[in-house]
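Peer 1: Starting off with a structure, shown below.
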Amino acid sequence: MRYQPLDLDALVLTAQKPSRYVGGEVNAVVKDLPAMRTTWALCFPETYEVGMSNVGFRVLYHVLNARPDVACERAFMPWPDMVARMRAGRVPLWALESRAPARDFDILGFSLQFEAGYTTVLEMLDLAGVPILARDRGDGDPLVVAGGPCTFNGEPMAPFFDAMVLGDGEEVVLDLSDAVAQWKEARGARAELLEQIARIPGVYVPSFFQVRYAADRTLAAIEPLKPGYERATRRVVADLEQVPMPDRPIVPFMQAVHDRLPLEIQRGCVRGCRFCQVGMVSRPQRQRAPSTILAAAERGLARSGWEEVGFLSLSAGDYSCLNGLLESFFARFGPERIAISLPSLRTETMTEGLARQIAQIKKTGFTIAPEAATERLRRAINKGNSEESLLGAVRSVFGNGWGLVKLYFMIGLPTETEEDVLAIGHLAKRALRVAREIRKEAQINVSVSTFVPKPFTPFQWDAMISVEETMRRHDLLRAAFPRKGPLVYKYHEAQGSLVEAALARGDRRAASAVLAAWRAGQVLDGWTEHFSFERWQTAFQAMEQEHGISASWLANRERSTDEILPWDHLDAGVDKSFLLKERERSRQGETLVDCVAGSCSACGACDSKALENRLYTVSDLPPGPAPAGADGAAQGAASTEPPAQRVKGPLIRLRYAKRSRAIALGHLETMNAVLRALRRSGLPVSYSQGFNPRPRVSFGPACPVGVESEAEYIDLELATQVGAEGVRAALGPQMPTLLPLLEVQELDQGSPALGADLSAVRYLVQLGPGAEESELDRYVETFRAAEKVETSRVKADRRIRVVDLKAAVLHLERVKQGEVAFELKAGNEASAKPSEVLACVFPGLPVVRIAKQAVVFSQRVEKSE
């Protein structure tokens, strides 16, 4: 039967990070899969915490689930420890929401954000039980589709995908949903489905093109096999106002890489950096209205409980009314202590007004990307910044409270000289001197990567420098930087860059290397501990034996401008003639002013009708209150001077449960989920004073992973009187389904703290086969009769602690067939874990279920109703 949920609870609990596989997050969408016309499993070829940080992945999930006849669920790459257990138990890859096998869905949609995910795609297909090669799939297999920036040269992955989406996906995924639904209703053959989706603008079907190779190993021709389908053209959403942002964003239980509310403020960039693929293929620049952004922040924060918002774009400083947007944001959300992140600012957009605004932003690290350290090379790559703007940005950032700045550079750019390389060290040292004039403890981290020529850029014909030359240039830089101190040099390994370049510039023959690397066990290339250059070397050697081309031939070879490129049958919007002119300007050291600040550059991306730059001005800002204070500081900011005497607000004690899949959550993850529920509830929680205000909330002792609970407790202080029923009404609906609110109690002001008030915890345990009554009784009596029952545990500092269970266990009994109950002393002294009691008192007996039933508070028992 399709969509039959898998029984995964026991498997998930064995994982290194069980919360990756829980599902059931706030705002996750669960639908009746058999009732849907089309079902999707969006697959991200990375781990959960990486995939859930991708804004495009989130947007498509929202767009698809907004359709009542479409269901969309998520699947991520399991960590290797889980993969081993899945293969041993023959458990297929599953979708997070329903836990149904991924192969049961109509469409598997993969996000190709970077070449390092290619082998992971094959691993996920194999785990799902879906044929790796598109040619081997039948009518009963899902349609396997790719999207994301890598599809602009998806040729190394062409044999594995039925189709690829070029460009913006919000409209295409709905067209694909309709096409698949119609095909299912007509009971057509798989070939008919491919014919149908090839007619959708933005969809590329690789099997409808045939590649021929010349004697010199270059491409002789890319021949269309379907009449009228000579080129696949990108799809562009002309007006972002027509595609809403998620208004109920999923809130992960575990901390994602970017743990915040993501809001895309604009799409596309016309700055024209000649090395930047995404800046070329995402043209024109399309902004969202400031009123739309603020409204999305209002809804998203209210429905998520996040404490931070990210204003996302390729260059946030290019948003035309950013200062006004930030002022409006802080005026509205400053009192709620909402932080904001601007992850992509250019040095030349760091104006005085923006410098004043960033003083209110959460201060972790600040990233600046000069890319090149000399004026000549910056002109060659059309990077419109100067040394003055960089040093000015450093002054602004450190002058407004930051302690760390990260500088990003590249080596191996076309026309680069040794002088350009050494200038990176010189410029970094000047930046540090400027920073230290402002903050004595200032630190600058310099990260250097190797330039990789990407398709649809003016440098697509250029060669990447060799691994040996990359290492030589890194050696020059290492010698230019101090070994220790506030100026830190970091770099990307040359071997990884070679693999990236070979796949980014490769044709369909490179698919044999991807397949060979995966068969050798290569997955999760983005993680240093899993990347193996030796496996890739072997895979590329196999490719060379089969096709006569090497990784170096793909990556380190300059290509003639009349050579057929693997992506020439794809249309990314920019004309090849424009790219050639830009390449020539680069050689001449000429810059090109972008078409927002200057005139049209005739790149070919716009039609000057529906598709063109869409910008907003200060006049488009919605009316609203100005930030309080002459310096524009947010209202409600925490005072640095504590009051002479603080008056405590009302004290509330909450009891909630931890049920079903939530047993896989750790204590910190549970705490974050509850704190975000409190934010969503709007309750007036009291905060501490000082620079970093914290909610006055106290949690009970950690509930062990794998243990259900009906007796989890929190004490909180409110700023104003609400009452128990008011708290229940506000907070109850906001708690995650897996963590339901059970009880609300008002406490007297003199009540002891939660930790001090707790004296014992009661557990009920169900044991598996072999737990006969007589045997359990014997184990219980043996324990009762013993003077000491000791167990040991290794602490975090590797010291061994011996625990006497006789002192820790206050009560132990068999309650009925296969079940035992015990009460453990609370507190640090003589405390024990339920797992330790079971292992020592009932050795060898399988445990089916552990439930925390009640706690004992100061002579009274608090338990489930």
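Peer 1: If you take the charge dipole of the chain about its Cα centre, with +1 on Lys and Arg Cβ and -1 on Asp and Glu Cβ, which of ALA158, PRO252, GLY147 is farthest toward its positive end?
Peer 2: Going by the charge dipole, the pick is PRO252.
Peer 1: Given 37 °C and 0.692 mPa s, compute D for the stretch 1-115 with the Stokes-Einstein relation, Rh being the Kirkwood radius over Cα pairs; round to the nearest whole µm²/s.
Peer 2: Details: Rh = 14.5 Å.
The Stokes-Einstein estimate is 227 µm²/s.
Peer 1: Here's something else I'd like to know. Label point 7 Å out from LEU668 along Cα-to-Cβ: which residues of the stretch 1-36 have amide N under 17 Å?
Peer 2: 16-21
Peer 1: Any chance you could run the full-extension gain for ALA88 through LYS429? It's 0.36 nm times the residue separation minus the Cα-Cα distance, nm to one decimal.
Peer 2: Result: 117.4 nm gained on full extension.
Peer 1: With labels modelled as points extended 7 Å from the Cα through the Cβ direction, what inter-label distance (nm, one decimal) is found for SER774 paired with GLU192?
Peer 2: Each label point is offset 7 Å from its Cα along the Cβ direction, giving 6.8 nm.
Peer 1: While we're here: Of the accessible area of the chain, with the probe set at 1.4 angstrom, what percent is carbon plus sulfur? If you can, show how the numbers build up before the last one.
Peer 2: Numbers: 18010 of 35870 Å².
Within the chain, the accessible surface is 50 percent carbon and sulfur.
Peer 1: Test of understanding: extend the Cα→C-beta vector of ARG248 to 7 Å, then name every residue of the stretch 727-751 with backbone N under 18 Å from that spot.
Peer 2: Label zone hits: 731-740.
Peer 1: Further, regarding this structure: Could you give the semi-axes, largest first, of the ellipsoid that matches the stretch 74-203, computed as the square roots of 5 times the alpha carbon gyration tensor eigenvalues and rounded to whole Å? Could you put the intermediate results ahead of the total?
Peer 2: Numbers: eigenvalues 116, 64, 34 Å².
One finds semi-axes of 24, 18, 13 Å for the stretch 74-203.
Peer 1: Okay, next question. For the stretch 183-265, give the magnitude of the charge dipole about the Cα centre (Cβ charges: +1 Lys/Arg, -1 Asp/Glu; no others), in debye to the nearest 20.
Peer 2: Numbers: 12 positive and 11 negative charges, 68 e Å.
The calculation lands at about 320 debye.
Peer 1: Also, I was wondering about something else. State the answer as a single residue: which of GLN522, MET671, ALA555 lies farthest towards the positive end of the charge dipole of the chain, with beta carbon charges of +1 for Lys and Arg and -1 for Asp and Glu, about the Cα centre.
Peer 2: MET671
Peer 1: Towards the positive end of the charge dipole of the chain, with charges on Cβ (+1 Lys, Arg; -1 Asp, Glu), say which of LEU503, CYS273, ALA66 has the farthest Cα.
Peer 2: Highest projection toward the positive end goes to CYS273.
Peer 1: Full-extension gain between ALA66 and LYS795, please, as 0.36 nm times their residue separation minus the C-alpha to C-alpha distance. Display every interim value, and only then the final one.
Peer 2: Details: separation 729, 0.36 × 729 = 262.44 nm, distance 4.85 nm.
Full extension of this stretch gives 257.6 nm more.
Peer 1: Could you please report the charge total around GLU336, scoring K, R as +1 and D, E as -1 over all other residues with beta-carbon less than 11 angstrom from its beta-carbon?
Peer 2: Surrounding charge for GLU336 is +1.
Peer 1: To the nearest 10 degrees, how steeply does helix 667-681 sit against the main Cα axis of the chain, on a 0 to 90 scale?
Peer 2: 80
Peer 1: Full-extension gain between ARG659 and GLN541, please, as 0.36 nm times their residue separation minus the C-alpha to C-alpha distance. Please report the intermediate quantities before stating the final value.
Peer 2: Details: separation 118, 0.36 × 118 = 42.48 nm, distance 5.18 nm.
Between ARG659 and GLN541, full extension yields 37.3 nm more.
Peer 1: Another question, if that's okay. ARG659: net charge of surrounding residues, Cβ under 10 Å, Lys/Arg +1, Asp/Glu -1, itself excluded?
Peer 2: Numbers: positive: LYS658, ARG661; negative: GLU708, GLU710.
So the environment of ARG659 carries a net charge of 0.
Peer 1: If R₀ is 51 angstrom, what is the calculated FRET efficiency for the pair ARG376 and ASN692, using the beta carbon separation as r and rounding to 0.05?
Peer 2: Numbers: r = 45 Å, r/R0 = 0.88.
For ARG376 and ASN692, the calculated efficiency is 0.70.
Peer 1: Please identify the cysteines of the chain that lack any partner cysteine with a Cβ under 4.7 Å from their own Cβ.
Peer 2: Result for the chain is CYS43, CYS72, CYS150, CYS269, CYS321, CYS595, CYS600, CYS603, CYS606, CYS703, CYS840, no neighbouring Cys Cβ within the cutoff.
Peer 1: In vacuo Debye scattering of the stretch 385-542, one point per C-alpha: log10 I(q)/I(0) at q = 0.09, 0.10, 0.19 Å⁻¹?
Peer 2: Each listed q maps to, in turn, -0.39, -0.47, -1.15.
Peer 1: Follow-up question, since we're still on this one. If amide H atoms are built 1.01 Å from N in the plane of the peptide, which residues on other chains or at least 5 residues away come under 5 Å of the amide H of GLU73?
Peer 2: Here TRP40, ALA41, LEU42 satisfy the definition.
Peer 1: A follow-up question, please. Could you tell me the calculated FRET efficiency between LYS806 and GLU725, based on Cβ-Cβ distance and R0 = 45 angstrom, to the nearest 0.05?
Peer 2: Numbers: r = 44 Å, r/R0 = 0.99.
That gives a FRET efficiency of 0.50.
Peer 1: Put a dot 7 Å past each Cα toward the Cβ at ALA35 and THR782; how far apart are the dots in nm?
Peer 2: About 5.3 nm, to one decimal.
Peer 1: How much accessible area per residue does the chain have, counting only protein heavy atoms and a probe of 1.4 Å, in square angstrom?
Peer 2: Here the residues of the chain average 41 Å² of exposed surface.
Peer 1: Please state the charge dipole magnitude for the stretch 251-349, taken about the Cα centre, from unit charges on C-beta atoms (+1 on K and R, -1 on D and E), reported in debye and rounded to the nearest 20.
Peer 2: Values: 12 positive and 9 negative charges, 83 e Å.
So the dipole magnitude of the stretch 251-349 works out to roughly 400 debye.
Peer 1: If you don't mind, another one. For an R0 of 22 angstrom, estimate the FRET efficiency from the Cβ-Cβ distance between THR417 and GLU584 and round to the nearest 0.05. Write out the running numbers ahead of the final one.
Peer 2: Values: r = 19 Å, r/R0 = 0.88.
So the FRET efficiency works out to roughly 0.70.
Peer 1: Taking the Cβ of GLY589 as the centre, find all other residues whose Cβ is under 14 Å away and add up their charges (Lys, Arg: +1; Asp, Glu: -1). Intermediate results must be reported in sequence, preceding the final value.
Peer 2: Values: positive: ARG274, ARG376, ARG378, ARG379, LYS383, ARG583, ARG585, ARG587; negative: GLU375, GLU416, ASP420, GLU582, GLU584, GLU590.
Charge balance near GLY589 sits at +2.
Peer 1: Taking the mean number of other Cβ atoms within 10 Å as a proxy for protection, how do you rank 652-660, 815-823 from highest to lowest? Display every interim value, and only then the final one.
Peer 2: On the way: 652-660: 20.8, 815-823: 16.6.
With the highest mean Cβ count within 10 Å placed first, the list reads 652-660, 815-823.
Peer 1: What's the magnitude of the charge dipole for the chain around its Cα centre, counting Lys and Arg as +1 and Asp and Glu as -1 at the beta-carbon? Answer in Debye, nearest 20. The partial results should precede the final answer.
Peer 2: Values: 105 positive and 108 negative charges, 303 e Å.
It works out to roughly 1460 debye.
Peer 1: Got a sec to turn the phi values of the stretch 511-517 into Karplus ³J(HN,Hα) couplings, 6.51 cos²θ - 1.76 cosθ + 1.60 with θ = phi - 60°, whole Hz, x for Gly and Pro?
Peer 2: 4, 5, 6, 4, 5, 5, 5
Peer 1: If I take every Cα pair under 8 Å that is 6 or more residues apart in the chain, average their sequence separation and divide by the length, what percent do I get for the relative contact order? Working shown, then result.
Peer 2: Details: 1683 pairs, mean separation 97.4, N = 865.
Over the chain, the number comes to 11 percent.
Peer 1: Antiparallel versus total DSSP beta bridges in the chain: what percent is that, nearest 5?
Peer 2: On the way: 61 of 109 bridges.
Approximately 55 percent, going by the DSSP bridge assignments.
Peer 1: Considering the values [x] 38.3; [y] 52.7; [z] 40.0, which represents mean projected area of the Cα convex hull in nm² as calculated for the structure under consideration?
Peer 2: [z]
The values are calculated or read from the model by the stated rules, or taken from the named source; none is laboratory data. Fair warning: this is a prediction, and the values are worked out from it, not measured in the lab. Glycine also receives a Cβ, built like all others from the backbone with ideal geometry; neighbour counts cover every protein chain displayed. The area values use the complete protein model at the heavy-atom level, side chains included, leaving out ligands, DNA and RNA. Shrake-Rupley method; radii C 1.70, N 1.55, O 1.52, S 1.80 Å.
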